[in-house]
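The values are calculated or read from the model by the stated rules, or taken from the named source; none is laboratory data. Everything quoted here is computed from the prediction, not taken from an experiment. Cβ placement follows ideal geometry from the backbone for every residue including glycine, while neighbour counts extend to all protein chains displayed.
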Amino acid sequence: MKSTQFIKLENEYGAHNYKPLEVVLERGEGVWVYDTEGNKYLDCLSAYSAINQGHVHPKILAALIDQAKKLTLTSRAFYNNQLPLMYQELCLLTGYEMAIAMNSGAEAVETALKIVRKYAYQVRGIETEKAEIIVADGNFHGRTITIVSFSSDPLYRDDFGPFTPGFVSAPYNDAQAIENLINKHTVGVLIEPIQGEAGVIIPDYGYMKQVADICQRNDILLIADEIQTGLGRTGRLFACDHDNVRPEVMIIGKALSGGFYPVSAVLADKKILGLFTPGEHGSTFGGNPLGAAVARAAIKVLTEEHLIENAANMGEYFAERLSKIPQKKIKEIRAKGLMIGVEIKEEFGGARKYCEHLRDQGILAKETHDTTIRFAPPLIINRQTIDWAIPRIQAALAID
């Protein structure tokens, strides 16, 4: 079948909840993907940072196949021999005392919200049903009813109410605004160290440290959503590491499985995650042996192949090369590791058309918040590939 036929089928039978670029992919290897006509593209989205290790990494693939031949799912009615090892390896890598595995990033966010509320009632003595969590304007943490309840984007909220109470929002990159919102019912602050969906919005250096200090002074929990930014994307294990911050609750996902399988997790110390009791929270697929085996391999690839260090080096190089492109249409380049946003000046018609021209040049990137092109290639990218991409990016940005 041709690409146009696949697109027609999806538009006819699938809900129209996405607006993909018109390219139909069927194969991937490393930083490259191929469409149904055999055309080759550089993947500069990495499935929103889920493919940090590159497409179909052979070591993760081998772990998937090996485990799939043995045991894929037990539910949590029984123990399996992969999840305990995943938990141990995650905790040794990150320094947290406990972990809980889920599937999607949104599930992990919901898990974090639940345990923070329980901590508030059982440890802090907050009045029942009164707990409040502070979030940031422009946030994106997922699309469940509770999560869109505290979104500031009408696109995510309109026609989906009534909403879950218990959340207040402060301007992003304004620590004082967070402190001003704290009251006797405040139990936590949920924040992205970089706002990816908002357009790769990078706060001032020290912002996360200020927020962490405010939380500590007021005995409230800092909850970091590092689903996109974590596991090497920004050139450190976690984006919070750039500010030397250790949140009380860490949310991870996406690259935790290298793009092979949905795996997410919440990390915290025992005083927090140890509050869950049997039956209070769970998931049929969360913590299954197939997902755990894949996650173990994905973590190993990140560390043993030095992908975090490569993200730091190649991110700096990519941003430097982008800065040499004529800036007529570029309002700003924002970069931290291999998480890069190129904001187009509004008078030049938004980012979508440039993404379409990038596709025609053999590069797949995606617009975010209308005016920003996000570049987030797999962390295995090298200088030669970046050098190949830069003139093509320049050519795409030169179109009328």
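Against the condition surrounded by fewer than 22 Cβ atoms within 10 Å (Cβ to Cβ) and in a helix (DSSP H, G or I), how does TYR34 come out, does it pass?
Values: surrounded by fewer than 22 Cβ atoms within 10 Å (Cβ to Cβ): yes; in a helix (DSSP H, G or I): no.
Judged against the criteria, TYR34 is not a match.
Find all pairs meeting these conditions: Cβ atoms under 7 angstrom apart; at least six residues apart or on different chains; first residue within segment 234-252 and more than 18 Å from LEU92 (Cα to Cα); second residue assigned to a helix (DSSP H, G or I) and among the β-branched types (Val, Ile, Thr).
Partner pairs satisfying both residue conditions: GLY235/ILE308.
What are the residues in segment 70-99 that are within 23 Å of ASP269 (Cα to Cα), out of contact with any Cys (no Cβ under 9 Å at 6 or more places or on another chain) and of a type in the set (A, V, I, L, M), if any? Spell out how you get there, then give the answer.
Filtering segment 70-99 down to residues within 23 Å of ASP269 (Cα to Cα) leaves 76, 79-99.
Then drop every residue that is not out of contact with any Cys (no Cβ under 9 Å at 6 or more places or on another chain), which leaves 76, 79-96.
Hits for segment 70-99 are LEU83, LEU85, MET86, LEU90, LEU92, LEU93.
Which fully enclosed strands (runs of 3 or more DSSP E) of segment 321-379 have 2 or more residues being out of contact with any strand residue (DSSP E or B) (no Cβ under 8 Å at 6 or more places or on another chain) and in contact (Cβ under 8 Å) with a residue 40 or more places away in the chain? Walk me through it before giving the result.
Numbers: elements: 330-336, 339-344, 366-368, 372-375.
Qualifying strands (runs of 3 or more DSSP E): none found.
Here are some residues: SER46, SER3. Which one is closer than 15 Å to ASP360 by Cβ and either of a type in the set (Gly, Ala, Ser) or modelled with pLDDT under 95 (or both)? Break it down stepwise before answering.
Values: SER46 fails: closer than 15 Å to ASP360 by Cβ.
On inspection, the qualifying residue turns out to be SER3.
Just for helices (runs of 4 or more DSSP H) wholly inside segment 46-106: which have at least 3 residues that are touching a residue at least 60 places away in the same chain (Cβ under 8 Å) and not assigned by TED's automatic domain parsing to the domain that holds ASN310?
Values: elements: 46-49, 58-68, 83-94.
Passing ranges, in order: 58-68, 83-94.
Among the numbered criteria (1) over 23 Å from SER75 (Cα atoms); (2) in the same structural domain as VAL187 (by TED's automatic domain parsing), which single criterion is violated by ASN313?
Of (1) over 23 Å from SER75 (Cα atoms); (2) in the same structural domain as VAL187 (by TED's automatic domain parsing), only one is false for ASN313: (2).
Do you know which residues across segment 154-186 are under 22 Å from the mean Cα position of the chain (by Cα), part of a loop (DSSP other than H, G, I, E, B) and farther than 22 Å from VAL116 by Cβ?
The one that is under 22 Å from the mean Cα position of the chain (by Cα), part of a loop (DSSP other than H, G, I, E, B) and farther than 22 Å from VAL116 by Cβ: ASN173.
In segment 287-304, which residues are of a type in the set (S, T, N, Q) and more than 19 Å from the chain's Cα centre (by Cα)? Outline the logic, then answer.
Taking segment 287-304 and keeping what is of a type in the set (S, T, N, Q), we get 288, 303.
Within segment 287-304, ASN288 is the sole residue that qualifies.
Which of the residues belonging to segment 118-132 are surrounded by fewer than 20 Cβ atoms within 10 Å (Cβ to Cβ) and touching a residue at least 40 places away in the same chain (Cβ under 8 Å)? If you could, list the steps in order and put the result at the bottom.
Here is the first cut: in segment 118-132, the ones surrounded by fewer than 20 Cβ atoms within 10 Å (Cβ to Cβ) are 118, 121-130.
LYS118, GLN122, VAL123, ARG124, ILE126, GLU127, LYS130 - these are the residues of segment 118-132 that are surrounded by fewer than 20 Cβ atoms within 10 Å (Cβ to Cβ) and touching a residue at least 40 places away in the same chain (Cβ under 8 Å).
What pairs can you find where one residue is in segment 145-168 and at positive phi, the other is part of a loop (DSSP other than H, G, I, E, B) and modelled with pLDDT of 95 or more, and their Cβ atoms are less than 7 Å apart, with a gap of 6+ or different chains?
GLY166/ALA131
If we scan segment 340-357, do we find a residue that is under 30 Å from ASN81 (Cβ atoms) and either among the small types (Gly, Ala, Ser) or at pLDDT 95 or above (or both)?
Looking for residues that are under 30 Å from ASN81 (Cβ atoms) and either among the small types (Gly, Ala, Ser) or at pLDDT 95 or above (or both), one finds none in segment 340-357, hence no.
Among residues belonging to segment 212-229 that are in contact with a Gly (Cβ under 8 Å, 6 or more places away or on another chain) and part of a loop (DSSP other than H, G, I, E, B), point out the one that is nearest to ARG124 (Cα to Cα).
The residue in question is ILE220.
Of the residues that make up segment 64-82, is at least one hydrophobic (A, V, I, L, M, F, W, C), surrounded by 11 or more Cβ atoms within 10 Å (Cβ to Cβ), under 28 Å from LEU379 (Cβ atoms) and touching a strand residue (DSSP E or B) at 6+ places or on another chain (Cβ under 7 Å)?
no
Look through TYR354, TYR317 and report the one residue that is surrounded by fewer than 21 Cβ atoms within 10 Å (Cβ to Cβ), within 21 Å of TRP388 (Cβ to Cβ) and either among the aromatic types (Phe, Trp, Tyr) or touching a His at 6+ places or on another chain (Cβ under 6 Å) (or both). Full working, then the answer.
On the way: TYR354 fails: surrounded by fewer than 21 Cβ atoms within 10 Å (Cβ to Cβ).
Exactly one of TYR354, TYR317 is surrounded by fewer than 21 Cβ atoms within 10 Å (Cβ to Cβ), within 21 Å of TRP388 (Cβ to Cβ) and either among the aromatic types (Phe, Trp, Tyr) or touching a His at 6+ places or on another chain (Cβ under 6 Å) (or both), namely TYR317.
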